[in-house]
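The values are calculated or read from the model by the stated rules, or taken from the named source; none is laboratory data. Remember, predicted model here, so these are calculated numbers, not experimental data. In this analysis, Cβ positions are derived from the backbone assuming ideal geometry, glycine residues included, and neighbour counts consider all displayed protein chains. Side chains included, ligands, DNA and RNA excluded: accessible areas come from the protein's heavy atoms. Shrake-Rupley method; radii C 1.70, N 1.55, O 1.52, S 1.80 Å.
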Amino acid sequence: MKLELRGITKRFGALVANNNISLTVESGEIHALLGENGAGKSTLMNVLYGLYIAEEGEILLDDVVQKFAGPGDAMNAGIGMVHQHFMLVPVFTVAENVVLGHEQTTFGGRLDLSAARAKVREISDRFGFDIDPDALIEDLPVGVQQRVEIIKALSQDAKVLVFDEPTAVLTPQETDELMTIMRQLAASGTSIVFITHKLREVRAVADRITVIRLGTVVGEASPTATNAELASLMVGRAVELTVHKNAPELRGTALAVKNLSVIDSRNQIVVNNVSFDVQAGEVLAIAGVQGNGQTELTEALLGLQQHVTGSIELDGKPLRGYSVRHILDSGVGFVPEDRTEDGLIADFSIAENLMLDRSSGAPFVKAGNLQLGFRAKFAAEKIHEFDIRSQGSEMEAGRLSGGNQQKVVLARELSRDLRLFVAAQPTRGLDVGSIEFVHTRIIETRDSGIPVIVVSTELDEVVALADRIAVMYRGEIVGIVPGNTPRATLGLMMVGEHAPATEAAL
Amino acid sequence: MFGTVAMLAACAQAPATTDDTNSAAASDFLPCMVSDAGGFDDKSFNQLGFEGLSEAADALSVKPITVESTSETDYQSNVQNLVVQGCSLIVTVGFNLAAATVESALANPEVNFAIIDNDADLNFDGKVDAPNIKPIIFDTAPAAFMAGYAAAGYSKTGVVGTYGGMQFPTVTIFMDGFADGVAYYNEQNGTDVKSLGWDVASQTGSFTGGFAAGVESLANAQGLIDQNADVLLPVGGPIFLSAIEAIKSSGKDIAMVGVDADLYETDATNKSLFLTSILKGIKVSVSDVVTGAGEDSFDATPYVGTLDNDGVGIASFHDFESKVPSTLSDELDAIKAGIIDGSITVESPSSPKQ
Amino acid sequence: MSDKTNTPPVGPASKDGSERWNQTLRDITGGSAMISILAVFVALVVGAILIAFTNEGVQETAGYFFSRPTDLLQAVWDAVAGAYSALFQGAIYNFRADNFLTAIRPLTETLTFATPLIAAGLGVGLAFRVGMFNIGGRGQMLIAAGAAGWVAFAVELPAGIHLIVAILAGLLGGAIWGGIVGLLKARTGAHEVIVTIMLNFVALYLIQFLLRTPGALQAPGSNNPKTPAMLPTAVFPDLFGPRYNLHAGFLTVIAATIFVWWLLDRSNLGFQFRAVGQNPNAARVAGINVKNVYMYAMAISGALVGLAGVNQVLGTLTSGFSSGIDAGIGFDAITVALLGRSRPWGIFAAGILFGAFKAGGFAMQAAEGVPIDIVVVVQALIVLFIAAPPLVRAMFHLPTPGTTRKPRIHSVKVRTSNEVVAK
């Protein structure tokens, strides 16, 4: 089915989220919609899906103008959506989720699930999914849950499928599998709109690329365009995609972790006997697929985990068993991987967030009193220094964009006297411009002689930043390899295979 | 519900306009009443006092003002507001209002006060603390004594029992008299009828912890029944309703003694259960005091209900007439006479001190 | 969200549950002042309807509505106007009084009744700001009243010192009763709602027992479960002489309001309180000892609620008290805190409004025969409307905050994803 958007304009008050956007997706085509966070991609798709009504413009399917009053109309017309955050009920089975909202009942109002099961099996077979229709959603891995979403859309005869940032939650392997599925779908005649801000994925799978910036179409590109070309289209200026860094200036071992194990609240060993050193002036990247113990490892370093054995020494002084307060005061800077949950208080102002982990003494507190004058001055300085785009230091942090929120966290942590800097997933969910900023700051920190640990599930990031790379798999460090180790080797290590020549000294 | 009724009735004729300001009440006498936190629907002294007031007010053709308290900090404000409204007589209910009553009486000597179930003697000097307060109190112990004697005389199992709502003097006075009456029966007849639920000497016993029918009351009654008691005396407003439930579910032949009013009359559905009732003339005494004040004959001498002035007493056996020993009525008459002439003394730590 | 479910519980039972709970608290306390004002207004309108419906004159005239409708309208007007003007005259200024000094008495009554409401409201509001629901006001007030009362009638000390010692005893009593809750929450993860409710019963029966025990709280020479009168040396002095009930306890409440404002807005402890209240996870990562914050916050909350109990026994009812001395203020305080959006001066204003309802309610009942329950209903309606901001917004077509750019579908989306991913 051919999808055409003509001159779509959508306003929220004074803000123009979509400005006269036109777009055509041919039958069987994968059309990528590329743009930074907040560029207007999701708004456009919500217009397409009937969630918003556009002020101007029209939607055509096979050259027929459509009027969508809600998602129901869009679905009936053959548009399906795979949401970034899945719309599935965790305690229902696959079959139940697939028929949810379109339940067929037999006599007496009983749910007819056998038809649903058959449908799930039929679609699974067509795409080689191997999904048990009676499995509970909550028992399935994230990647499989996404397939359930796809089945759900296809079971309603979707001819146009919209994927909204589908790879954000996937492992590299799952991402590759998703690409294959998308190609299969396209080959069977489904039109696909693929929303993303990840350049590599776009180039790997898209037939055509439309780039959106600030609500406007700024250009079309072919998959043969280089990353740099696409990035500068997206951001509106030339973007540095590679991090420029000099060889590290090593200044001796600062952090020594020996035989560290962490047992979580469910009595599972989540970090198993891990040992590594970090030298002052180097970046040690911890790579691995999400959920292999990296989160718990960083939390153990900060004193956030309860059951930790082994030893952690920073500059010769033990850290294990001390309170978070003590560890922060020992000079550990920490960027938590879940920024909105652990890094910031959304309802607090930028100024308040900038003093969040310094609320127990000078210079922000004197004799129990907050030093508001100092705080305001400090906030103003940091907003300027870290280029935090805001309406002033009293603006609530929750109203900032993701990139600016991360800048607040970085500004707070990097403004203390650090002896160690731990950044977990520092660029997750950030746009290209912000990623560039964060990476530059991390390298600057390294170059000032501070040992840095970066935890990342993005191989691009690991390769860009690391002087050495530790790969974690099932709570253990599979190996520590030099920063220039080929991706293929790293990929193998991430699924548990030991590296050919591990423990390569740097 | 009212809305529906109104809609149905909304077609009625409008009454002829009359200038209804003739204020039939010739006098400007204004009787008022403040409840304690129990409210006027407590099936106990607030309600009986309210009924007494309403009766007198009807007789005098005046419209009383009545206000309910919801907590103990309300008392003073409620009394104060009634003074502001120009009440001539303010009746307050219960010991909880004593302090507010005394304070207001001293500050407003031109207003008359009456207080139910309290002697308005906060400094314990044996005298009422203000000259314009009339305490309305009851020497309930002798009446309860007679009921205890009757219960002991009726009991076939040789066990009777009592329990109260909360341990207030106005409650325990019933229990004192009842237990003493049982003891007196044993003494006179050489029997060993046991009285459960209250120990006069140590002043301890069973209480439900509140004045509401409910599981606590049910459990207390059930406990007494399990110990073979066949006469129950629950003291404290509506808690007797749960006792009735316990009796009915036990399937045994158990009698009840009512308190305050003759429950044979007021609770006709369960009348077959009442051996007798201990009468406390709150309604009639309040009515008398209000009527007296309305006729300009208020005097502050305490009203003490006794067997002698029929302010307290016990009800007739009604349906139980044939089931009690034939001599019992005569014996009770003799006891009553003995108490009145002083040859029998019935005292409770909670008896009025006048 | 990712894999954060591995984090050990910080104190609140389950992260998912406590998060939703926190969100609800934030929604309620974060509403705008306009919502509070409109809630009061709507509640008064509904109250007016109830007054009209329960009025005898209205019922009578409704009987012949179609033959002379003006009678009904007149009766409705009389009932409502009479009731609300009685409320006003009982709460603020009595026009019918002979002189100004008498006429202004209702206002002082309002402030007298507002005193404990503000104190307890500050306590409950403080707990709200730390993300906790303190329903234990009744218990904390009773223990504080018992402690302060006992010092006030049983201990002999010089005037002035006696009052201060009695106040401190009460605050300490409340702080301990509240602190127990914080301790249990911090150490065992027990939910404060359940613990506070249970401690209400413990306190009630403990005080009832002490009131029946000679030598404890019972007045000597009496059989009634009631304490003796407070000694004059320990009683709050009247602020404007014996004509008025308003006592110096009102000054302690003003001081408490300033203290809470300083604590929350200017002190580092309050900063940590608010951080924990808004996002306990981020607070923990930032090195704030969340468990200690729970304990300190509940102890201070209990002390503030205790101040309400102290004011009851040393100011409002000095002739001795029984187990009903809390007068439901522990629960009214929740309403006051909600109406005041947990901001100190908001609570101060809300407390005075509720004090006015209380004072005016007596006059409404005495003068117009309006059942006292109407006032309670109006207060309950205020809570209802405050707890349901979308309802009030819908009534007055107010915009939903924060949605000028992002329509509601976004928040729904995020919540669903949490459920799915953080199984």
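A few points about this structure:
- Considering segment A:357-368, the residues that are within 11 Å of chain C (Cβ to nearest Cβ) and loosely packed, with under 12 Cβ neighbours inside 10 Å include one that is farthest from residue A:409 (Cα to Cα), namely A:367.
- So residue A:270, is it in a strand (DSSP E or B), hydrophobic (A, V, I, L, M, F, W, C) and open to solvent by 10 Å² or more (accessible area, probe 1.4 Å): yes
- Enumeration of residues in segment C:216-230 that are of a type in the set (Ser, Thr, Tyr) and within 8 Å of chain B (Cβ to nearest Cβ): C:222
Listed here are the residues, each with its yes/no results for (1) outside any loop (DSSP other than H, G, I, E, B); (2) closer than 28 Å to residue A:27 by Cβ.
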residue	(1), (2)
A:50	no, yes
A:57	yes, yes
A:73	yes, yes
A:88	no, no
A:121	yes, yes
A:124	yes, yes
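- Selected residue (criterion: farthest from residue B:237 (Cα to Cα)) from residues of segment B:40-75 that are polar (S, T, N, Q) and more than 9 Å from chain C (Cβ to nearest Cβ): B:61
- In the set (1) surrounded by fewer than 18 Cβ atoms within 10 Å (Cβ to Cβ); (2) more than 12 Å from every other protein chain (Cβ to nearest Cβ), residue A:141 fails one condition alone, (2).
- Of all the criteria given as (1) over 15 Å from residue B:150 (Cβ atoms); (2) buried (at least 21 other Cβ atoms within 10 Å of the Cβ); (3) among the polar types (S, T, N, Q), the one not satisfied by residue B:249 is (2).
- Some residue of segment C:304-316 being in contact with a helix residue (DSSP H, G or I) (Cβ under 6 Å, 6 or more places away or on another chain), buried (at least 24 other Cβ atoms within 10 Å of the Cβ), under 26 Å from residue C:80 (Cβ atoms) and not aromatic (Phe, Trp, Tyr): no
- Of the criteria (1) surrounded by fewer than 24 Cβ atoms within 10 Å (Cβ to Cβ); (2) part of a helix (DSSP H, G or I); (3) away from chain B (no Cβ under 14 Å), which one residue C:341 fails: (2)
- Scan of segment A:426-467 for residues that are open to solvent by 40 Å² or more (accessible area, probe 1.4 Å) and either of a type in the set (Ser, Thr, Tyr) or in contact with a strand residue (DSSP E or B) (Cβ under 7 Å, 6 or more places away or on another chain) (or both), ordered by number: A:440, A:448
- Any hit, segment B:174-190, residues being part of a loop (DSSP other than H, G, I, E, B) and buried (at least 16 other Cβ atoms within 10 Å of the Cβ): no
- Subset of segment A:200-221 (residues that are open to solvent by 20 Å² or more (accessible area, probe 1.4 Å), in contact (Cβ under 8 Å) with a residue 40 or more places away in the chain, out of contact with any strand residue (DSSP E or B) (no Cβ under 6 Å at 6 or more places or on another chain) and not charged (D, E, K, R)): A:214
- Among the residues of segment A:126-156, those that are in a helix (DSSP H, G or I) and over 23 Å from residue A:186 (Cα atoms) comprise A:137, A:138, A:139.
- When A:256, A:285 are screened for being touching a residue at least 24 places away in the same chain (Cβ under 8 Å), open to solvent by 10 Å² or more (accessible area, probe 1.4 Å), touching a Leu at 6+ places or on another chain (Cβ under 9 Å) and closer than 22 Å to residue A:482 by Cα, only A:256 passes.
- Segment A:81-103: number of residues that are over 23 Å from residue A:215 (Cα atoms) and either more than 26 Å from the chain's Cα centre (by Cα) or open to solvent by less than 60 Å² (accessible area, probe 1.4 Å) (or both): 16
- Restricting segment C:62-81 to residues that are among the small types (Gly, Ala, Ser) and under 11 Å from residue C:52 (Cβ atoms), the residue that is surrounded by the fewest Cβ atoms within 10 Å (Cβ to Cβ): C:81
- Search result, residues across segment A:301-324 that are surrounded by 18 or more Cβ atoms within 10 Å (Cβ to Cβ) and within 9 Å of chain C (Cβ to nearest Cβ): A:302, A:303, A:304, A:305, A:324
- Cβ pairs under 7 Å, 6+ apart, first in segment B:317-346 and under 14 Å from residue B:151 (Cβ atoms), second β-branched (Val, Ile, Thr): B:317/B:276; B:317/B:324; B:335/B:344
- Sub-8 Å Cβ pairs linking a first residue in segment A:128-145 that is over 17 Å from residue A:174 (Cβ atoms) and free of Cβ contacts under 8 Å to residues at least 24 places away in the same chain to a second residue that is assigned to a loop (DSSP other than H, G, I, E, B) and open to solvent by 30 Å² or more (accessible area, probe 1.4 Å), at least 6 apart or interchain, number zero.
- For segment B:132-147, the criterion of being over 30 Å from residue B:274 (Cβ atoms), open to solvent by 10 Å² or more (accessible area, probe 1.4 Å) and either of a type in the set (Lys, Arg) or within 17 Å of the chain's Cα centre (by Cα) (or both) is satisfied by at least one residue.
Residue-wise test of (1) over 28 Å from the mean Cα position of the chain (by Cα); (2) facing chain C (nearest Cβ under 9 Å); (3) at negative phi.
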position	(1), (2), (3)
A:299	no, yes, yes
A:326	yes, yes, yes
A:370	yes, yes, yes
A:379	no, no, yes
A:389	no, no, yes
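- Among the residues of segment B:228-243, those that are part of a helix (DSSP H, G or I) and open to solvent by 10 Å² or more (accessible area, probe 1.4 Å) comprise B:240, B:241.
- Selected residue (criterion: surrounded by the most Cβ atoms within 10 Å (Cβ to Cβ)) from residues of segment A:42-65 that are of a type outside the set (Ser, Thr, Tyr) and either in contact (Cβ under 8 Å) with a residue 60 or more places away in the chain or in contact with a Pro (Cβ under 7 Å, 6 or more places away or on another chain) (or both): A:44
- Being closer than 27 Å to residue B:339 by Cα and small (Gly, Ala, Ser) is a property that residue B:86 lacks.
- Members of segment A:17-44 that are farther than 12 Å from residue A:196 by Cα and among the hydrophobic types (A, V, I, L, M, F, W, C): A:17, A:21, A:23, A:25, A:30, A:44
- Positions within segment A:288-344 being acidic (Asp, Glu), closer than 24 Å to residue A:252 by Cα and part of a loop (DSSP other than H, G, I, E, B), in sequence order: A:315
- Considering segment A:242-285, the residues that are touching a helix residue (DSSP H, G or I) at 6+ places or on another chain (Cβ under 6 Å) and at pLDDT below 90 include one that is nearest to the other protein chains (Cβ to nearest Cβ), namely A:264.
- Among residues of segment B:82-91, those that are within 7 Å of another protein chain (Cβ to nearest Cβ) and at pLDDT 90 or above, counted: 1
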